[in-house]
Structures are given as C-alpha cells and as structure tokens.
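No value in this document is a laboratory result; all are computed from the given coordinates. What you are looking at is a predicted structure, and each value in this text was computed from that prediction instead of being measured. Cβ: placed from backbone, ideal geometry, glycine included. Neighbour counts: every protein chain shown.
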Amino acid sequence: MTSSNQPFEFEDVLDALMLEESKPSYAALLRWSERYPQYRQELADFFATWAVQAERPQDVALDEEKLVDMGVRYALEILRRQGRVAPTSSIEPLLQPFDQLVLTAIYLLRGEAWSANIVDKVSEMSGTRVRFGAVFSSLQRLTDRRLVSVRSVHLKTQAEGGRRRYFVVTRPGEHALAQAKETSKVVAAFLADFA
C-alpha cells in the first residue's frame, strides 16, 4: 500500500484519522495537515464534508409512502407525455349506450372496421337495423374523444373507387371498453374474451 514517494496512501491516513478523532474540528484539521502536508487539500475537503455530515440530523424520518407515491406519479407523467398511458381526464366516466356498441363493433371487427361493416355489426349486436347517420355521428364522437383512430386507405379496384376509412380502437378506447363491459350486459356478452 505504500509507494516510494509517499509513505502512506490517503486511505491509510483517513483510517488512522478516524481511529483518533471523534469529531471534526479545526484544531484536528491543522494537526493532520502538519503530519501529512502532501494531503493538505484532501484533508481540508474531508473535514469539510465530515463537518457538514456531523451537523445533519441522524434520525431523519423518511416518509417512504410519500416517496413511492411521488415516484409513481413522476413515472406515470412521463408515460402520459410519451402517449403510453391515457390521461385520467381524457376519458369521461361512461359512454352513451350506442357509442358503447359502436366501439365494441370496431373492436370485434379487428382491422376490418369501415362504415358499412360497423353498421352491420352494430345492427347484429343490437338486434335492430341501425342507420348510417347514427353510426357516423357516433364515430365522430369516438374520434373526437380519441377512443378510435382512423386511417384512410386507397382502394385498388375501379369498382370500389376512392378511399375507405378504417377505424381502430386506441388505448384510451380499450379503457372505455373495459368500463363499458362492466356497465353494459349487451357489451359484456360480446366482449367475453376482452380483459
């Protein structure tokens, strides 16, 4: 542990210092600085840190629950900013029953949810023929609330022509579906496999 230039390493000096001194003082700093002038700056830094630590209360009660709560809130806020968690204020408590059916139909159609298919699926689920206008209004409400996203696809055949809008349930939409499943027997019956 010794080198040819310095008979003692700084760690050895600190070990000896801690055995001899019970508390930091200016007199002790001067004594040790005279003994080991090559470590004058390191000793001054050590005594300064030691004095600050000695002044701190030793029995500080930590509120672990509060620290955990703060950490969780911070992590959730990061996830919300990244769009990985829906803000709690973004989903109203309940959807209207018809909007629940339309959202359920979109989920059940799994990527094949365009207006005509949605109308057919909602009609099947409700047991009555629904109107396109009612479905379009519901789709607009669900889109405005960001419970569904829309992608427009150019159709390849001339007979189909133009574009088709496909609807997909978003993460906030899945949360709304979970609420709907809890509150609607009709939706619950069609979402038996939905967790």
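Across the range 142-148, computed HN-Hα scalar couplings (Karplus, 6.51 cos²θ - 1.76 cosθ + 1.60, θ = phi - 60°) run 5, 5, 4, 8, 6, 8, 9 Hz from first to last residue, x flagging Gly and Pro. Would you report the distance distribution of C-alpha pairs in the range 10-55 as whole percents per 5 angstrom bin, up to the bin with the largest distance? Calculated P(r), rounded to whole percents: 5, 23, 40, 26, 6, 1.
Projected label points at F98 and L30, each 7 Å from Cα along the beta carbon direction, are separated by 9.1 nanometres.
Work out how much length R73 to E55 would gain on full extension: take 0.36 nm times their residue separation and subtract the Cα-Cα distance, in nm to one decimal.
Working: separation 18, 0.36 × 18 = 6.48 nm, distance 3.25 nm.
Gain in length upon complete extension: 3.2 nm.
Close amide-amide hydrogen proximity is noted between V148 and T143, T170, each under 5 Å apart and 5 or more residues distant or on a separate chain (H modeled in the peptide plane; Pro and chain starts excluded).
How would you order 113-121, 94-102, 42-50 from highest to lowest mean count of nearby Cβ atoms within 10 Å?
With the highest mean Cβ count within 10 Å placed first, the list reads 94-102, 113-121, 42-50.
Taking a Cβ cut-off of under 13 Å around L29, the surrounding Lys, Arg, Asp and Glu residues balance to a net charge of -1, with basic ones at +1 and acidic ones at -1.
Bridging of K23 to lysines at a Cα separation below 18 Å is possible for none of them, once same-chain residues fewer than 8 apart are set aside.
Find the relative contact order for the chain and round it to a whole percent, using C-alpha pairs within less than 8 Å whose residues are 6+ positions apart. Don't skip to the answer; put the middle values down first.
Values: 165 pairs, mean separation 32.4, N = 195.
For the chain, the relative contact order is 17 percent.
Against the set (1) 0.93; (2) 1.08; (3) 1.50, the structure's computed Rg/Rh (Cα atoms, Kirkwood Rh) falls on (3). The tail of the calculated P(r) for the range 90-190, taken as Cα-Cα distances beyond 23 Å, holds 22 percent of the pairs. Taking label points 7 Å from Cα along the Cα-to-Cβ direction, E11 and L62 give a separation of 2.6 nm.
Exposure proxy shown here: for T143, T170, the number of other Cβ atoms within 10 Å sets the order, fewest to most, as T143, T170.
If you average the sequence gap of Cα pairs under 8 Å that are 6 or more apart and divide by the length of the range 90-190, what percent do you get for the contact order? Display every interim value, and only then the final one.
Numbers: 130 pairs, mean separation 34.3, N = 101.
It rounds to 34 percent for the range 90-190.
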